[in-house]
1. Which condition number does Thr63 fail, the rest of (1) out of contact with any strand residue (DSSP E or B) (no Cβ under 6 Å at 6 or more places or on another chain); (2) farther than 29 Å from His136 by Cβ being met?
2. Would you pick out the residues in the range 200-214 that are at pLDDT below 95 and not in a loop (DSSP other than H, G, I, E, B)?
3. Across the range 233-245, which residue is modelled with the lowest pLDDT among those that are closer than 22 Å to Ala210 by Cβ and either in contact with a strand residue (DSSP E or B) (Cβ under 9 Å, 6 or more places away or on another chain) or open to solvent by 70 Å² or more (accessible area, probe 1.4 Å) (or both)?
4. Mind checking which residues of the range 129-140 are part of a loop (DSSP other than H, G, I, E, B) and closer than 15 Å to Ile156 by Cβ?
5. For Asn203, all conditions in the list (1) open to solvent by 40 Å² or more (accessible area, probe 1.4 Å); (2) more than 19 Å from Asp255 (Cα to Cα); (3) polar (S, T, N, Q) hold save one; what is the number of the exception?
6. Filtering the range 266-284 down to residues that are within 15 Å of Ile79 (Cα to Cα) and surrounded by fewer than 19 Cβ atoms within 10 Å (Cβ to Cβ), which residue is modelled with the lowest pLDDT?
7. Restricting attention to the range 215-240, which residues are at positive phi and either in a strand (DSSP E or B) or touching a helix residue (DSSP H, G or I) at 6+ places or on another chain (Cβ under 9 Å) (or both)?
8. Filter the range 251-265 for residues that are within 19 Å of the chain's Cα centre (by Cα) and among the charged types (D, E, K, R); which is modelled with the lowest pLDDT?
Amino acid sequence: MKVAVAGCCHGALDKMYETLELLQRRHNVRPDLLLCCGDFQAVRNEADLRCMAVPAKYRHMQTFYRYYSGEKKAPVLTIFIGGNHEASNHLQELPYGGWVAPNIYYLGYAGVVRFRGVRIGGISGIFKSHDYRKGHFECPPYNQQTIRSAYHVRNIEVFKLKQLKRPIDIFMSHDWPRSIYHYGNKKQLLKMKSFFRQEVESNTLGSPAASELLQHLKPTYWFSAHLHVKFAAFMQHETNSKEELPKATKFLALDKCLPHRDFLQQIIDVEHDPNAGDSLEYDAEWIAVLKATNSLVNVTQSSWNMPEKNGLHARWDYSVTEEAIKEVLEELNHDLKIPCNFTLTAACYDPSKPQKNMEPVHTINPQTTEFCAQFGLTDINDRIQQAKEEGSGRGECEEEEEEEMDSTGSAEEPSEYNTDNSGLSSFNPDEIMLDEEGGDEDLSTCSVDPSPDHPPEFSTSFSDIRIMPDSMAVSSDDATDSNNEELEKSAGSKQVEEKSSTERSLKRVGGDENGNSGVKKIKRRNQAIYAAEDEDKTD
């Protein structure tokens, strides 16, 4: 079957689906499935806009609300994960996944589903070490801290995914797995994105949690977005035994929504079960893992570690047996079809009656209630609501002031990872900063392919095959193999890189950035997506 893969669509659903329809008319290519790797922006109304972590001037309704209201319907089954620019209050209603509109399915904080026999998994959000070991404690209305922490990846989701034993065909993450850039055309990547150099050479760009999952799951395909550059890589995994067959992952990072000529390169042929139906289905092993790990659910902001074999936990292996999977199948009478039980849970935006003062509320979605009741799982939002009513926990809903934490981890609880650069600690001209005030201009889209001489077919889009060791160590050759082309860059570019290293204590996103005064603002490429009027000014 044909699978189309999109990067950050930033709420521009009309444009994305029109592009697919244009592909069909011009090239006779019709995808059976569309995957979106985050920053989907399922914004239903003005209250949802207030829950999206972008500067106020970029809070525009876009076109999702038309699909939510039923005015339009997605022409192809769409599966997406969350990124770091989302209507977090809406996605929070569906922690285990669910329909955000007819034919548009969200995978939840982490999830695995099946379509035509193809196993598709994903993890939402981006990695930040200081929130990684907390529970999902946030709820709307958010404050300046929780509007960001709500989309940070948590260790419990990674732990759940690491319990999977059966092969994964496709996996999605918003930020890149750390070190993946060493398995593609790194030289060209750095040529197009020179501000990545410091993190690439120190092997700190990307998510260490995603890298851990990549090593464990070894999916056939891994798709990411976030950095707004197209990049392909091919990673040959180490085998754990002589009997184990070699495995490899084809990695593709996507740019934001692209013209149809580029989208054509992002459609892949995936082997599927011709006898399988056309309905989206639950994955029995994943449901069994959710049941097995249900006791680990935490809705506090206290840092905690997942069970491990260190003598401190009676149980550390939560992988499931074939018997447990069989029990799930029997509970469902071997009918794994995900019910089409989409329900409106908020008023839909009405262009003729704008409500700029609409406030977000904490909502318990009937889809989640039904899912939890069916499989005996904890409804995370119900648990948060209980804690709020009982006055227990610290209750982010009370909007208390919190001390800002450095991106390398909290002072009280050291991170299990030594760095935190999934979102880039240096300045990234392609990523929106929450303190952004200056004007912007929409530069040309850049794309990094392994070889410009190769045709655009996905099967030929990978080069530089290497084996990644368990330690994720990178040789000195890997860290310095880019040529001297970068030395010819302007002095201004060099100064930006120097500032990024000396001013690492400055936070990239949100909060009070007083210490940032005097630092040169860099033009951002993707901001015209958020503000059409800004785009007009730069034309």
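1. Failed condition: (2).
2. Listed by number, the residues that qualify are Val200, Glu201.
3. Among those residues, the one meeting the criterion is Asn240.
4. Those that are part of a loop (DSSP other than H, G, I, E, B) and closer than 15 Å to Ile156 by Cβ: Arg133, Lys134, Gly135, His136, Phe137, Glu138.
5. Failing condition for Asn203: (1).
6. In this case the residue turns out to be Asp278.
7. His228 - this is the single residue of the range 215-240 that is at positive phi and either in a strand (DSSP E or B) or touching a helix residue (DSSP H, G or I) at 6+ places or on another chain (Cβ under 9 Å) (or both).
8. Lys256
The values are calculated or read from the model by the stated rules, or taken from the named source; none is laboratory data. Just so it is clear, the model here is predicted, and its values are computed rather than measured. Note: ideal-geometry Cβ built from the backbone for every residue, glycine included; neighbour counts use all protein chains shown. Only protein heavy atoms, including side chains, enter the accessible area calculation; ligands, DNA and RNA are left aside. Shrake-Rupley method; radii C 1.70, N 1.55, O 1.52, S 1.80 Å.
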